[in-house]
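Engineer: The structure follows.
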Amino acid sequence: MKTRSIMTALLIAVALAGCTRTNNAAKDEHAHDENIQLTAYSADFEVFAEATPFVVGQPSDVLAHFSFLKNFKPITEGSITASLVIGTDGIRQTLEQPTRPGIYKFSLQPATAGTGKLVFDIKTPEGTSQITVSNIKVYTDVHDAQHDAADAAVTSSNGAVFTKE
């Protein structure tokens with residue numbers, strides 16, 4: 001009988017201890033850090049970019065990899081202007097040289113929500129070109145932007161991830 005009372009008391013203690021613990025998993029379930037992935041081509045160039053979701057008033061980092069289509073080698077010199085255009089409103093940033101061969105890192109802070117385009121104007125010693133990425137969505141809410149980016153992320157249990165580099 002004494003053993004049964006001890007076991008009952010022990011079970012009650014374990015149950016109460018479990019009820020008083022805080023659940024950190026619920027707090028962490030909304031932590032998102034997905035980037036959106038963009039790929040586009042012109043007659044001369046390819047761009048593969050990863051960007052933090054675009055949100056009004058928030059800076060979005062765009063890490064863009066530019067390659068020549070004729071040989072798939074990275075652009076090593078030249079200026080590139082990134083323009084985010086929503087309707088008649090837009091913002092732009094020009095970088096005069098890559099941070100590494102083929103890689104340009106832009107930071108764009110949209111002022112207008114909606115769906116628009118991201119335009120890259122490329123000027124190299126070989127000439128000029130333009131690449132346009134359509135259907136770029138700029139959100140008013142960070143939470144919505146992060147959820148859409150997470151939903152758009154390509155995942156596969158049977159796949160392997162290869163970076164552009």
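Read-outs throughout are calculated quantities, based only on the coordinates presented, and are distinct from any laboratory measurement. It should be emphasised that the depicted structure is a prediction, and the values quoted were computed from it without experimental measurement. With ideal geometry, Cβ positions are generated from the backbone for all residues, glycine too; neighbour counts draw on all protein chains shown.
Engineer: What order do you get for 111-117, 122-128 when each peptide is scored by the mean count of other beta carbon atoms within 10 Å, highest first?
Structural biologist: 111-117, 122-128
Engineer: Taking the simple approach of a point 7 Å from Cα along Cα-to-Cβ for both Phe72 and Tyr41, what is their distance in nm?
Structural biologist: Those two pseudo-labels are separated by 1.2 nm.
Engineer: So for the pair Leu63, Asn135, with labels modelled 7 Å out along Cα→Cβ, what separation do we get in nm?
Structural biologist: Placing both labels 7 Å along Cα→Cβ, they lie 2.5 nm apart.
Engineer: At a 10 angstrom cut-off on C-beta neighbours, averaged per residue, how do the peptides 86-97, 36-47 rank from highest to lowest?
Structural biologist: Averaged packing, sorted descending, gives the order 36-47, 86-97.
Engineer: If you place +1 on the Cβ of every Lys and Arg and -1 on the Cβ of every Asp and Glu, how big does the dipole about the Cα centre of region 44-97 come out, in debye to the nearest 20?
Structural biologist: Dipole of region 44-97, to the nearest 20 debye: 80 debye.
Engineer: Between Ile91 and Thr128, 0.36 nm times their residue separation minus their Cα-Cα distance comes to what?
Structural biologist: That works out to 11.3 nm of additional length.
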